[in-house]
Ligand code: SIN
Ligand code: FE2
């Protein structure tokens, strides 16, 4: 994985958080449910961009253009994030989806691959804000050995090339490690290209 510790400096983290609050005001965080079982995930989720990643019991993992609760289109991806994509990622087209995950308390995310996109040539870029998250990343097989990274507020991770389909997840959040979010917890913003560009 390509790791860019502290790629987003504190003043930019504050500005990004303000933009994120506007996104959430328009597109509230919701509780995603696992396909088939309908079990709730421990993260809270929303999106910005032309497409957003959602999941529920009935229809499972997918991208769609509207918020599952409000039925409204997702708000646009903040310019700061589009700029970051073009600065960090070498790809011919902009991202279409920005998934917002919020981890409070004991929220975590099991090991998975990001594979609901049509385009695996495009990298996946993520930005962390708030408390440190213990990120686990392995290879393209679930059995491959994994490595852990303590992702701090402002850290950027890119999964590209042979790492694009690497298994990854969040073991846990270290409460009280950042004062960026008054409410505590961690936001992770994941930028993805969903469709193949022309
Ligand atoms: C994800 O894989 O959707 C989130 C990863 C993270 O929170 O860093
Ligand atoms: Fe992921």
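The values are calculated or read from the model by the stated rules, or taken from the named source; none is laboratory data. Nothing here was measured: the structure is a model prediction, and the numbers come from that model. All Cβ positions, even for glycine, are placed from backbone atoms using ideal geometry, and neighbour counts span all protein chains on display.
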**Q.** Qualifying positions in region 153-164 - out of contact with any helix residue (DSSP H, G or I) (no Cβ under 7 Å at 6 or more places or on another chain) and either surrounded by fewer than 16 Cβ atoms within 10 Å (Cβ to Cβ) or on the phi > 0 side of the Ramachandran plot (or both)
**A.** 161, 162
Q) Is it true that some residue in region 167-177 is within 12 Å of ligand 2 (Cβ to nearest atom), modelled with pLDDT of 95 or more, farther than 20 Å from residue 49 by Cβ and in a loop (DSSP other than H, G, I, E, B)? A) yes
Q: Find the strands (runs of 3 or more DSSP E) located wholly in region 1-99 whose residues include 1 or more that are within 16 Å of ligand 2 (Cβ to nearest atom) and crowded, with 18+ Cβ neighbours inside 10 Å, and list them.
A: 44-48, 52-54, 62-64
Q: Inspect all residues belonging to region 140-152 and state whether any of them is within 25 Å of residue 91 (Cβ to Cβ), within 16 Å of ligand 2 (Cβ to nearest atom) and crowded, with 21+ Cβ neighbours inside 10 Å.
A: yes
Q) Taking the condition over 24 Å from residue 185 (Cβ atoms) and within 13 Å of ligand 2 (Cβ to nearest atom), does residue 161 pass? A) no
Q | Residues (within 15 Å of ligand 1 (Cβ to nearest atom), crowded, with 18+ Cβ neighbours inside 10 Å and farther than 10 Å from residue 187 by Cα) located in region 100-125 | A | 107, 109, 114, 117, 123, 124, 125
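Can you pull out every residue in region 181-196 that is more than 10 Å from ligand 1 (Cβ to nearest atom) and out of contact with any helix residue (DSSP H, G or I) (no Cβ under 6 Å at 6 or more places or on another chain)? Reasoning before the result, please.
Taking region 181-196 and keeping what is more than 10 Å from ligand 1 (Cβ to nearest atom), we get 181-185, 191, 193-196.
Residues satisfying the conditions are 181, 182, 183, 184, 185, 193, 194, 195, 196.
Take region 111-127 and flag every residue that is over 16 Å from residue 64 (Cα atoms) and more than 10 Å from ligand 2 (Cβ to nearest atom).
Scanning region 111-127 gives 120, 121, 122, 123, 125, 127.
The rows are residues; the columns are (1) out of contact with any strand residue (DSSP E or B) (no Cβ under 7 Å at 6 or more places or on another chain); (2) farther than 26 Å from residue 122 by Cβ; (3) free of Cβ contacts under 8 Å to residues at least 12 places away in the same chain.
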{"site": "14", "(1), (2), (3)": "yes, yes, no"}
{"site": "18", "(1), (2), (3)": "yes, yes, yes"}
{"site": "21", "(1), (2), (3)": "yes, yes, yes"}
{"site": "33", "(1), (2), (3)": "no, yes, no"}
{"site": "53", "(1), (2), (3)": "no, no, no"}
{"site": "60", "(1), (2), (3)": "yes, no, no"}
